[in-house]
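Take a look at the structure below.
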Amino acid sequence: MEIPAFSMFSAVSELVVTAAVLHVIVRHLKGRPFNWKLLGVVLTFETCINVIYMIKRASAADVDSGLAGPLKILFAVHGILSLVMLVALILVYLLATFDQKAGRSTWFQQHHTATWGLLFFWLLAVGSGEYAFVWRYFITA
């Protein structure tokens, strides 16, 4: 089965987005300044490009006869988790940015456990998407 270009682009860009999210947040937790500009660009890209891709794929999932039941369930769980995590990360990003602009320690610094939990579920969302990509185009092909 040929992999659609947008699917390949999304799978690769999701890894780059995740690396940038981890880079900004983990560095900040280690005492470095909060790079709100980089995280803002990354989250804007994620919202504008990868969410569009997920909407495109979700709209075709019901009619795609190549998707088995378990794969449809994985896609649904991945899509829901990814959307929840993106909204959560955007909200926390905004809180952290406002904190920094006000001269306070950021949300990430104030809530270490919640930050690590957020990163764990972000990685779970991304990992499930990458697994779905591999399953769809390499395992069931």
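Any read-out appearing in this document is the output of simple, stated calculations on the displayed coordinates, not a laboratory observation. Since the structure is predicted, the reported quantities are computational estimates derived from the model, not experimental observations. Note: ideal-geometry Cβ built from the backbone for every residue, glycine included; neighbour counts use all protein chains shown.
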Next item on the list: Answer with one residue from 90, 100, 13: the one whose Cα lies farthest towards the positive end of the charge dipole of region 7-141, charges on Cβ with Lys, Arg +1 and Asp, Glu -1.
Entry: 100
Next item on the list: Give the relative contact order (percent, whole number) for the chain; include only Cα pairs under 8 Å separated by 6+ residues.
Entry: 34
Item checked: Part-to-part distance (alpha-carbon centres) for region 119-141 and region 9-46, which is given in Å -> 19
Checklist line | In nm, spacing of pseudo-spin labels at residue 77 and residue 109 (7 Å Cα→C-beta vector) | finding: 3.8
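Go ahead and estimate [θ] at 222 nm for the chain from helices alone: -39,500 (n - 2.57) per DSSP H run with n ≥ 4, summed, over the residue count, rounded to 500. If you can, show how the numbers build up before the last one.
Working: 6 runs with 106 residues, N = 141.
It comes out at -25500 deg cm²/dmol, rounded to the nearest 500.
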Notebook entry, point to check: Helices from the chain with mean Kyte-Doolittle at least 0.5 and a Cα length along the axis of 18 Å or more, per DSSP H: which?
Noted result: 5-29, 69-101, 112-134
